[in-house]
Amino acid sequence: MNINIIIKNQNSKIIDSVDINSIKTISGEFTREAIELELGNLLYSTAVIDITAIKNYFDIKEVLRFLSFFGPSKTILLLNNSELVNSSSYLSLLVQNGYYNFTRNAAGINYLLTHPNSLNDVSKYIDSLNSTSNIAVNSMGPNTFGNQTYQSNQYVVNTDYNPGYVKENESIKTGARIIGIQNITEHAGATTFMYMMLKHLRINYKVKAFEMFRQDSVYFKDNDISFCTSVEDLKYRINITSDAEIILVDLNGLKEPSLCHDILYLVNPGIISLNKALKKDTNVREKVMDGKVILNQSAMKDEEMTNFEYETKFKVYYNMPVINDRAERLLVVDKLLLKLGFGKQGSTSFFGLFK
């Protein structure tokens with residue numbers, strides 16, 4: 001008789017609907033280190049793991065590191081409906097590392113507990129990397145995805161990324177100016193900030209944008225924004241984006257300052273948000289010295305900047321007020337872009353207001 005362990009989080013309803021003979025069940029979000037402490041030398045047959053229980057599961061490297069504690073033959077991975085997680089590039093890396101047993105539904109878990117996949121069952125995820133066509137997320141095979149209906153009509157996964165060509169030491173080879181955007185305070189608005197920069201800059205420049213680890217920007221439905229699962233993925237995508245003059249990156253905590261020509265550090269100047277960030281990392285002031293601090297979603301007036309800088313010891317590069325992200329063009333955004341050196345943003349008569 002098989003004895004299993006269950007690690008669940010946001011997909012607990014799906015897992016709870018399956019009759020699994022479990023020796024241990026834990027709930028929450030875990031790192032590799034935390035799971036080692038929690039499970040120790042526990043003996044079991046299979047680990048049924050909810051993808052959302054893996055901390056930073058949008059980063060495929062973190063997922064593979066987490067799963068290596070269990071090993072390919074002992075893992076059944078329950079995916080969620082995230083476009084990024086279900087993309088060919090993400091799934092192909094699971095397959096290349098031996099993790100063949102993944103599903104999105106209860107029927108798939110039941111099937112895989114008694115009929116584990118072989119390489120032949122998942123070979124299409126490797127074969128698809130050689131395809132130049134776009135594949136819809138809901139085209140995945142029935143043996144692990146069952147009959148669950150997954151509506152993905154709005155979004156299509158681009159499969160032109162071949163992770164086999166990505167090396168750990170791959171360097172950036174592009175003539176584009178790369179600008180990273182990083183939240184310093186929680187929810188400082190980096191994704192929307194990147195989108196507004198993209199929307200304004202492409203009036204005059206060839207621009208592409210990438211979001212690391214997450215897919216918040218999918219709601220903007222913008223074809224010029226792509227998602228990256230790792231730093232190697234980002235390097236590869238930058239290197240194949242040959243015609244871009246400017247590349248924007250929503251870093252989402254990625255600490256690779258050498259990748260970017262400029263880093264814009266976003267700070268919400270509210271007392272609670274700012275003090276939380278300073279308490280969380282007492283060295284945050286030193287860490288932002290290599291970039292430009294921008295107050296975002298700010299209600300502060302420019303004349304208050306001197307006192308703010310004195311009290312916080314931040315050198316503020318720009319004070320961005322709360323803006324309407326539905327607007328096609330905003331003066332305050334173009335003023336920032338001009339300050340960053342994008343002179344074409346001031347080439348129309350609309351900007352005679354501040355020339």
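The values are calculated or read from the model by the stated rules, or taken from the named source; none is laboratory data. All values derive from a computational prediction rather than experimental measurement. FYI the Cβ positions are ideal-geometry reconstructions off the backbone, even for glycines, and counts take in every protein chain you see. These accessible areas exclude ligands, DNA and RNA; they are computed on the full protein's heavy atoms, side chains included. Shrake-Rupley method; radii C 1.70, N 1.55, O 1.52, S 1.80 Å.
Near Gln215: Cβ cut-off under 11 Å, other residues only, Lys/Arg at +1 and Asp/Glu at -1. The net charge is -3. Averaged over its residues, the chain has an accessible area of 49 Å² per residue, based on protein heavy atoms and a 1.4 Å probe. A simple spin-label model places pseudo-atoms 7 Å from Cα toward Cβ; at Ile23 and Glu328 they are separated by 6.5 nm. Note on region 251-275 and region 310-343: Cα centroid distance 14 Å, given to the nearest whole angstrom. Sparsely packed loop sites in region 249-287 (the trypsin sites (Lys or Arg not before Pro) outside DSSP H, G, I, E and B with at most 15 other Cβ atoms within 10 Å) comprise Lys255. Computed in the context of the full set of protein chains, the accessible area of the chain at 1.4 Å probe radius has 49% of its extent on carbon or sulfur. Taking 26 Å as the straight-line reach from the Cα of Lys335, the lysines in range (excluding those fewer than 8 positions away in the same chain) are Lys199, Lys206, Lys208, Lys221, Lys287, Lys292, Lys301, Lys313, Lys315, Lys344, Lys355. Within the shell of other residues whose beta carbon sits under 12 angstrom from the beta carbon of Leu43, the net charge comes to +2, with Lys and Arg scored +1 and Asp and Glu -1. Compute a Gaussian network model of the chain, connecting alpha carbons closer than 10 Å, and tell me which residue from Leu93, Leu37, Leu77 fluctuates the most. It is Leu37. Among residues other than Asn252 with Cβ under 10 Å from its Cβ, the summed charge is -3 (Lys and Arg +1, Asp and Glu -1). Under a model in which nothing but the beta-carbon of Lys, Arg (+1) and Asp, Glu (-1) is charged, region 189-261 shows a dipole of about 120 debye around its Cα centre. Between Ile271, Ile238, Ile247, the Gaussian network model of the chain with springs among Cα atoms under 10 angstrom shows the greatest mean-square fluctuation at Ile271.
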